[in-house]
Amino acid sequence: MVRTIAFSSCFVLILLWAGMASAQLGLEAHVGGGFTVPTGDMNGRLSGRGHFVVGAGYNFLPALELQAEYMYNTFGITRSELQRINEPNGDAHVNSITVDPVLHLHLPFTRLGAHVMAGLGYYRRTVEFTQPTTALTTFFDPFFGFFTATVPANQVIGSISRNGFGYNVGAGLDYKLSGPSALYFEVRYHDAHMSHGDTEMVPFTIGLRF
């Protein structure tokens, strides 16, 4: 029994070492997008919408990368919250810049891999309250030429911004394509301390590394 456990442990360690050694050194970049779920203090006040992310990193070791990333998240304001504060409409967004060490693991003899990360960053949360209005817009038509018409629009009647530092932790799966390219799926938890409520969210991201 002990011999079997020892053999199995050695086999797993050999696979992990081979997976780490297969990673490439050098620069990488990635782009992605997906859906973000608000949690913590934001849950019940904001509703989830989409996000996009761009980033780049450098693999100092075969399995260890230092990554910098910019992410833009959008949110709606829940109807119950709008009624509570007596505002007609609104939305919110969060800008963030994070720096993360990333550990990459690759399953030998396959295209599959995994990664885990944890890091720190700077976050800026902005909430805007709006009301319906109209705006004059210039259009062009091949028959009528240029003309001005009134179209529906949203007028910003109030804005609140908060800044703070925070952390993030997450993990993901990778599927290697040709060359250095790979598809990835990732889930992360972000938490930034701010006055009048922390910014807490969980983005689900699908993207491309190259």
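The values are calculated or read from the model by the stated rules, or taken from the named source; none is laboratory data. Values in this document were obtained by computation on a predicted structure and should not be read as measured data. FYI the Cβ positions are ideal-geometry reconstructions off the backbone, even for glycines, and counts take in every protein chain you see.
Does Pro180 satisfy the condition of being in a loop (DSSP other than H, G, I, E, B) and either closer than 30 Å to Tyr58 by Cβ or among the acidic types (Asp, Glu) (or both)? If you could, list the steps in order and put the result at the bottom.
Details: in a loop (DSSP other than H, G, I, E, B): yes; either closer than 30 Å to Tyr58 by Cβ or among the acidic types (Asp, Glu) (or both): yes.
Considered against the rule, which asks whether it is in a loop (DSSP other than H, G, I, E, B) and either closer than 30 Å to Tyr58 by Cβ or among the acidic types (Asp, Glu) (or both), Pro180 comes out as yes.
Being more than 16 Å from Asn73 (Cβ to Cβ) and either of a type outside the set (Gly, Ala, Ser) or assigned to a strand (DSSP E or B) (or both) is true for just one of Thr98, Thr205, Thr148. Which residue is that?
Working: Thr98 fails: more than 16 Å from Asn73 (Cβ to Cβ); Thr205 fails: more than 16 Å from Asn73 (Cβ to Cβ).
Checking each option against the conditions leaves just Thr148.
Each row is one residue, and each column tells you yes or no for (1) in contact with a Lys or Arg (Cβ under 6 Å, 6 or more places away or on another chain); (2) farther than 24 Å from Met117 by Cα.
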position	(1), (2)
Val37	no, no
Gly40	no, no
Gly48	no, no
Tyr58	no, no
Leu66	no, no
Tyr70	no, no
Thr74	yes, no
Ser80	no, yes
Arg84	no, yes
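Filtering segment 16-37 down to residues that are in a strand (DSSP E or B) and farther than 20 Å from Phe185 by Cβ, which residue is modelled with the highest pLDDT?
Going through segment 16-37, the residues in a strand (DSSP E or B) turn out to be 26-37.
Still in the list and also farther than 20 Å from Phe185 by Cβ: 26-27.
On the way: Gly26: 86, Leu27: 93.
Applying the filter and picking the extreme gives Leu27.
Residues are listed down the side, and each one gets a yes or a no for (1) farther than 17 Å from Val53 by Cα; (2) in contact with a strand residue (DSSP E or B) (Cβ under 8 Å, 6 or more places away or on another chain); (3) surrounded by 14 or more Cβ atoms within 10 Å (Cβ to Cβ):
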position	(1), (2), (3)
Gly119	no, yes, yes
Arg124	no, yes, yes
Phe139	yes, yes, no
Gly145	yes, no, no
Val156	yes, yes, no
Lys176	yes, yes, yes
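If a residue has to be surrounded by fewer than 16 Cβ atoms within 10 Å (Cβ to Cβ), in contact (Cβ under 8 Å) with a residue 24 or more places away in the chain and out of contact with any Gly (no Cβ under 7 Å at 6 or more places or on another chain) to count, how many in segment 94-113 make the cut?
Residues flagged as surrounded by fewer than 16 Cβ atoms within 10 Å (Cβ to Cβ), in contact (Cβ under 8 Å) with a residue 24 or more places away in the chain and out of contact with any Gly (no Cβ under 7 Å at 6 or more places or on another chain) within segment 94-113 amount to 3.
I'm told Val187 meets every condition in (1) among the aliphatic types (A, V, I, L, M); (2) surrounded by 16 or more Cβ atoms within 10 Å (Cβ to Cβ); (3) free of Cβ contacts under 8 Å to residues at least 24 places away in the same chain except one. Can you identify the failing condition by its number?
The failed condition is (2).
Sort out which residues of segment 53-95 are in a strand (DSSP E or B), among the polar types (S, T, N, Q) and either out of contact with any Pro (no Cβ under 8 Å at 6 or more places or on another chain) or within 21 Å of Leu208 (Cβ to Cβ) (or both), and write them in order of number. Working first, answer last.
Going through segment 53-95, the residues in a strand (DSSP E or B) turn out to be 53-61, 64-77, 89-95.
Next, from what is left, pick out any that are among the polar types (S, T, N, Q): 59, 67, 73-74, 89, 95.
Scanning segment 53-95 gives Asn59, Gln67, Asn73, Thr74, Asn95.
Within segment 112-139, work out how many residues are over 22 Å from Arg45 (Cβ atoms) and either of a type in the set (Val, Ile, Thr) or at pLDDT below 95 (or both).
Qualifying residue count, segment 112-139: 8.
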